[in-house]
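Colleague: Let me begin by handing over the structure; questions about it come next.
The values are calculated or read from the model by the stated rules, or taken from the named source; none is laboratory data. The shown structure was predicted, so the numbers you read here are calculated from the model rather than taken from an experiment. Neighbour counts are summed over all protein chains in view; Cβ atoms, including those assigned to glycine, are modelled from backbone coordinates with ideal geometry. Protein only, heavy atoms only, side chains kept; ligands, DNA and RNA dropped before computing areas. Shrake-Rupley method; radii C 1.70, N 1.55, O 1.52, S 1.80 Å.
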Amino acid sequence: MAVLLATEGKLTPVSSKTHITYQFQLNHECEFLDIDFKYAPKQYQDKAASHALIMEAIEKYAEPEWAEPYKKNWEGFYPLQNLLTLSVDGPEGFRGSAHRHPPEQQHRICLDAGLTSPGFIHGKLAPGVWKITVSVHCVVTPECRYVLEVRGGEIVD
Amino acid sequence: MTEWIPFELHTHTPHSDGRHTLLEMCQTAARLGLQGIALTDHNTVSGLIDAEAVSQETGIAIIPGMEWTTFYGHMLTLGAPYCEWRDLGQGDIAKGIARVHEQGGIVGIAHPYSMGSPICTGCHWEYTIEDWEQVDYMEVWHETMPPIKNHNVPALRQWTDLLNQGYRISATSGRDWHHSGDRDALAAYTYVGLEDTESPASSQAVVKAIRQGRLCLSMGPVLEVSLRVGGKSYRLGDEVPLQEVNSNEPAQLSVNITRSSVPERPWGADEGCMLIITSNLGELSRVSAAGRTQWIEGLSLEGLRWFRVELFGPIHGLLATIAFTNPIYVEI
């Protein structure tokens with residue numbers, strides 16, 4: 001098992017709506033790629049700051065005639081959450097994504113469909129350039145830290 | 001002969017953030033009276049790996065799709081493989097739509113008036129569409145009990161405005177189905193009109209019918225609409241040619257209201273129900289539908305660009321739109 005990528009990063013609300021792509025080289029065909037990904041915090045617990053953000057969003061997105069009732073019930077939208085998702089591309093194209101909410105995730109991509117994690121596309125792990133993308137859909141907290149590690153399994157002849 | 005097949009066109013599984021497997025969802029779909037679904041996981045198509053086996057086991061047709069879950073809007077695609085979205089910015093949606101079309105698929109704007117970020121990331125449509133001809137459909141009914149959901153009101157209004165401007169965009173319903181529960185509120189069906197020679201399992205046939213607008217959105221009953229003029233019959237999504245409009249021959253509109261056989265969806269041509277013809281000229285007609293499962297009326301085509309049929313009446317004690325069709329268009 002070889003660590004192919006080990007990285008971490010710090011995000012702020014300015015990072016929202018950006019993609020961060022890491023690129024690594026696979027020298028030999030692998031049996032599997034394992035990905036560990038986590039980020040924190042998930043929820044924004046600052047109620048006063050959240051109130052302001054929720055009011056702003058209601059103002060922007062609700063039909064004007066319904067804005068007031070939404071504002072009265074703003075706590076229905078609390079707590080706001082950060083959302084980061086992962087996707088993977090191999091030398092031969094897209095290999096799937098994990099668009100889901102848990103902030104700690106482990107994924108495997110391999111030849112066996114039954115052992116490949118949901119969201120990802122099973123098949124050969126060809127040598128060449130691989131990319132893994134963190135899509136930063138939303139960071140609401142003043143700071144959000146993530147850790148990402150990719151490991152390659154047994155090399156096949 | 002057209003068969004009206006109840007579909008659910010917006011669904012998720014654990015391949016994205018759904019909580020029911022494709023098998024569990026399709027088993028529930030069968031119990032709900034559906035005959036087909038579109039699998040539209042967020043930003044992946046990997047869930048289709050189980051489609052053939054699940055379809056065989058449950059009898060539910062599964063149409064391949066995806067929900068582009070981008071930073072500036074969610075866009076449903078049907079009948080196309082994965083198409084790249086991550087390299088596109090807020091000004092690039094035309095390029096993205098073209099990618100789906102080049103792969104033989106169609107695109108639909110999902111829940112355009114949902115709350116956006118940070119309440120629901122990217123859920124509100126914030127792309128500027130420069131050419132609405134590119135958009136194949138809009139999800140104007142979203143979630144369960146769509147006739148009474150606030151955010152569907154502006155979606156329906158926008159769709160109607162676009163029809164008035166001469167665009168031919170289909171309208172669909174989508175539950176945005178993430179999990180199956182025993183006490184869930186009802187979602188609407190999107191009835192897809194297929195030829196009796198076409199299989200609901202044919203992605204091409206379903207995609208063609210959606211693009212064409214052979215669709216009726218309904219909490220239960222199907223509204224079969226045809227317009228007879230000049231010895232020919234026109235169906236939902238068809239265009240009546242100009243020569244027929246100019247011939248001054250009377251057009252005859254026929255509507256059949258057929259109740260769903262699913263007991264939880266008892267609604268039909270009942271007391272308190274109205275049949276409404278809506279068009280670019282506004283409301284053309286509003287009559288009681290009580291006891292009239294078959295309804296025939298003359299219709300003047302003068303000035304018409306499109307019209308659709310709606311059934312309005314009580315659902316669970318609330319007055320609401322029970323069903324409405326996509327339009328029949330008139331050449332101008």
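Colleague: Could you tell me which GluC sites (Glu not before Pro) in region A:70-156 are loop residues by DSSP with no more than 15 other beta carbons within 10 angstrom of their beta carbon?
Modeller: A:GLU92, A:GLU143, A:GLU154
Colleague: Here is a further query. For B:GLU84, put the label point 7 Å out on the Cα→Cβ axis and report which residues of region A:6-37 keep their amide N under 17 Å from it.
Modeller: Those under the cut-off are A:19-24.
Colleague: Using only the alpha carbons of the protein assembly as shown, what is the convex hull's orientation-averaged projected area in square nanometres?
Modeller: Result: a mean projected hull area of 24.0 nm².
Colleague: Could you tell me what percent of the DSSP beta bridges with both partners in region B:38-169 are antiparallel, to the nearest 5?
Modeller: 65
Colleague: Taking chain B as the reference, fit the longest principal axis to its C-alpha atoms, fit the long axis of helix B:22-31 to the helix C-alpha atoms, and give the angle between the two in degrees, 0 to 90, nearest 10.
Modeller: With rounding to tens, the tilt is 30 degrees.
Colleague: So how much accessible area does A:ASP36 have, in Å² to the nearest 10, using a 1.4 Å probe?
Modeller: For A:ASP36, the solvent-accessible surface is approximately 50 Å².
Colleague: Still on this structure: For region B:149-228, rounded, prolate or oblate, judged on the Cα gyration tensor with a ≥ b ≥ c (square roots of eigenvalues), a/c < 1.5 rounded, else prolate if a/b > b/c?
Modeller: Oblate, because a/c is 1.5 or more while a/b does not exceed b/c.
Colleague: Here is a further query. Tell me, which longest segment in chain B has none of the GluC sites (Glu not before Pro) that fall in DSSP loops with at most 12 further Cβ atoms within 10 Å?
Modeller: Longest gap between qualifying sites, sites excluded: B:131-263.
Colleague: In a Gaussian network model over chain B where Cα atoms closer than 10 Å are linked, find which of B:GLN56, B:GLN158, B:GLN103 has the largest mean-square fluctuation.
Modeller: Fluctuation is largest for B:GLN56.
Colleague: Further question on the same structure: In whole angstrom, and with the biggest value first, how far do the Cα coordinates of region B:151-291 range along each principal axis?
Modeller: 55, 39, 34
Colleague: Also, quick follow-up: Given chain B, what percent of its DSSP beta bridges are antiparallel, to the nearest 5?
Modeller: Looking only at bridges with both residues in chain B, the antiparallel portion is about 75 percent.
Colleague: Consider just the alpha-carbon atoms of chain A and return their Rg together with their Dmax, both in angstrom.
Modeller: 19.1, 66
Colleague: Something else: Using only protein heavy atoms and a 1.4 Å probe, report how much of B:HIS111 is accessible, in Å² to the nearest 10.
Modeller: About 10 Å², ignoring ligands and nucleic acids.
Colleague: Which entries in A:LYS10/A:LYS131; A:LYS17/A:LYS47; A:LYS38/A:LYS71 show an alpha-carbon gap greater than 31 Å?
Modeller: Listed pairs above 31 Å: A:LYS38/A:LYS71.
Colleague: Run the accessible area of the protein assembly as shown with a 1.4 Å probe and give the carbon-and-sulfur part as a rounded percent.
Modeller: About 49 percent, which is the carbon plus sulfur part of the accessible surface.
Colleague: Consider all pairwise Cα distances in region B:222-330 and report the whole-number % of them above 18 Å.
Modeller: When all Cα pairs of region B:222-330 are counted, 47 percent exceed 18 Å.
Colleague: For helix A:47-61, report the angle its Cα long axis makes with the longest principal axis of the Cα atoms of chain A; keep it between 0 and 90° and round to the nearest 10°.
Modeller: 90
Colleague: Further question: Using Cα springs under 10 Å in a Gaussian network model of chain A, which residue among A:LEU125, A:LEU80, A:LEU111 shows the largest mean-square fluctuation?
Modeller: With Cα springs under 10 Å in chain A, the top fluctuation among A:LEU125, A:LEU80, A:LEU111 is at A:LEU111.
Colleague: Going by a 4.7 Å Cβ-Cβ cut-off, which cysteines of the protein assembly as shown have no partner at all?
Modeller: A:CYS30, A:CYS110, A:CYS138, A:CYS144, B:CYS26, B:CYS83, B:CYS216, B:CYS273
Colleague: Turning to a different aspect of this structure: Using only the Cα atoms, what convex hull volume per residue in Å³ does chain B have?
Modeller: So the per-residue hull volume is 129 Å³.
Colleague: Using a 1.4 Å probe, what is the accessible area per residue for region B:222-330, in Å²?
Modeller: 45
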